[in-house]
Amino acid sequence: MAKAASPKNGPSRKATAVSIESHAADVKKVADSAPAAPATSPASPASPPSGGPEAHGAIPVLTPGAHNPYLPYVATVREVIKETHNIMTFRVTLDDEEVWNSFHFEPGQVGQLSLFGAGEATFVINSPPTRMDYLQFSVMRAGEVTAALHGLRAGDKVGVRAPLGNHFPYNDMKGKDIVLIGGGIGMAPIRTLLYYLLDNRKDYGTITLLYGARSPQDMAYSYELPDWLSREDLDCVLTIDREAEGWEHRVGLIPNVLLEMNPSPKNAVAVCCGPPIMIKFTMEALAKLNFAPEQVITTLERRMKCGIGICGRCNIGEKYVCVDGPVFTSAELKALPNEL
């Protein structure tokens, strides 16, 4: 495992930390001084527009003592891990001890990471709720916000709005064989479910993991792979797109390797996360293996913004990815308009 980078002690870092805390305090003052919200439940408005966020219970109503869902918790970066050339992992804890001690989430839920002056973006919490030493987020550099997050060091402050969205239906998976399929950064949501299943191993049947990337250098969590490969209670298969010197595992695209593995759909559930093109062809492969749409689960983490069903950026038909997702079965996706 890569060592955590040393904190930066420059004035700009300190200013950022102070700014985010003072900003949070200012927002809290505004929320506390706001008029009391009506007692009407947001889940049951008199005449909700069809398909609007009101129909999903998404519009928050601030009640005395309730946390403002727009206000991030201030958190401290405890460790930074360089996964690949463009993926960094951050392990954070919430600064408010009372909130941290009572914080709970489900595997598959997401959070908004924010950096004052840079912005906010959605990432899955890829540490499991069974291991609460920290919250882990893996960030692929893809734009201005993620580039700014990649500049974080241990000791820096960030904002965290979490948990958001739904989660993997792990209770419905009990007693079934589980096939986990992760491609590239899509291994992040798979990781949280994998560790949850392993930490509750007696509740599930066989667990198979197929993890693929373009090359060995593009595989995140490389420091965990030896353990996954050696476990007797996990069937782990690794693959890369093309041959590479020293590579001793499978070579081939994930859908093709999955077909070669030929997992049985009998009393099984398949969970697939990764780039959209990989998900598309992997779902087709699962259909060839006779997995029914109800047996296939994936995530739609992209397109989120507010995280609570207000801005409408993530709506697909009558569904809001941030409220109704990010976890969907293939059957649920087939019922949506062709907007993906």
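Screening Gly143 on (1) modelled with pLDDT of 95 or more; (2) surrounded by fewer than 18 Cβ atoms within 10 Å (Cβ to Cβ) shows it passes everything except condition (1).
Looking at this structure, is Asp203 touching a Lys or Arg at 6+ places or on another chain (Cβ under 7 Å), among the charged types (D, E, K, R), assigned by TED's automatic domain parsing to the domain that holds Glu243 and in contact (Cβ under 8 Å) with a residue 12 or more places away in the chain? Yes: the conditions hold for Asp203. Against the numbered list (1) outside any loop (DSSP other than H, G, I, E, B); (2) out of contact with any helix residue (DSSP H, G or I) (no Cβ under 8 Å at 6 or more places or on another chain); (3) not assigned by TED's automatic domain parsing to the domain that holds Thr93, Gly186 comes up short only at (2). Scanning segment 123-142 for residues that are touching a strand residue (DSSP E or B) at 6+ places or on another chain (Cβ under 8 Å) and either assigned to a strand (DSSP E or B) or small (Gly, Ala, Ser) (or both) yields Phe123, Val124, Ser127, Leu135, Gln136, Phe137, Ser138, Val139, Met140. The set of residues in segment 217-234 being crowded, with 18+ Cβ neighbours inside 10 Å and of a type outside the set (A, V, I, L, M, F, W, C) consists of Asp218, Tyr221. Give me the residue from segment 248-274 that is open to solvent by less than 50 Å² (accessible area, probe 1.4 Å) and assigned to a loop (DSSP other than H, G, I, E, B) and, out of that set, farthest from Asp203 (Cα to Cα). Out of the qualifying residues, it is Gly252. Exactly one residue out of Leu197, Leu209, Leu149 is open to solvent by less than 20 Å² (accessible area, probe 1.4 Å) and not assigned by TED's automatic domain parsing to the domain that holds Gly274: that is Leu149.
Report yes if Met132 is exposed (fewer than 15 other Cβ atoms within 10 Å of the Cβ), of a type outside the set (Ser, Thr, Tyr) and at pLDDT 95 or above, otherwise no. In short, yes. Considering (1) touching a Leu at 6+ places or on another chain (Cβ under 8 Å); (2) in a loop (DSSP other than H, G, I, E, B), the lone condition that Cys322 does not fulfil carries the number (2).
Among residues of segment 83-104 that are open to solvent by 10 Å² or more (accessible area, probe 1.4 Å), those with a Cβ under 6 angstrom from a residue that is part of a loop (DSSP other than H, G, I, E, B) and among the small types (Gly, Ala, Ser), sequence gap 6+ or separate chain, pair up as Glu83/Ala220.
State whether the residues of segment 108-115 include one that is open to solvent by 30 Å² or more (accessible area, probe 1.4 Å) and assigned to a loop (DSSP other than H, G, I, E, B). The answer is no; no qualifying residue exists. The single condition among (1) in a loop (DSSP other than H, G, I, E, B); (2) open to solvent by less than 20 Å² (accessible area, probe 1.4 Å); (3) over 19 Å from Arg161 (Cβ atoms) that Ala285 does not satisfy is (1). Over 16 Å from the mean Cα position of the chain (by Cα) and among the β-branched types (Val, Ile, Thr): is that true of Thr122 in this structure? The answer is no for Thr122.
Touching a Phe, Trp or Tyr at 6+ places or on another chain (Cβ under 8 Å) and in the same structural domain as Glu120 (by TED's automatic domain parsing), is that true of Val237? So Val237 does not fit the description; no.
Per this entry, Tyr170 is not counted among residues that are outside the structural domain of Phe105 (by TED's automatic domain parsing) and open to solvent by less than 10 Å² (accessible area, probe 1.4 Å).
The values are calculated or read from the model by the stated rules, or taken from the named source; none is laboratory data. Quick caveat: nothing in here was measured; it's all calculated off a predicted structure. A quick note on method: Cβ atoms are made from the backbone with ideal geometry, for glycine too, and the neighbour counts reach across all protein chains shown. Ligands, DNA and RNA are stripped out before the accessible areas are found, and what is left, the full protein with its side chains, is counted by its heavy atoms. Shrake-Rupley method; radii C 1.70, N 1.55, O 1.52, S 1.80 Å.
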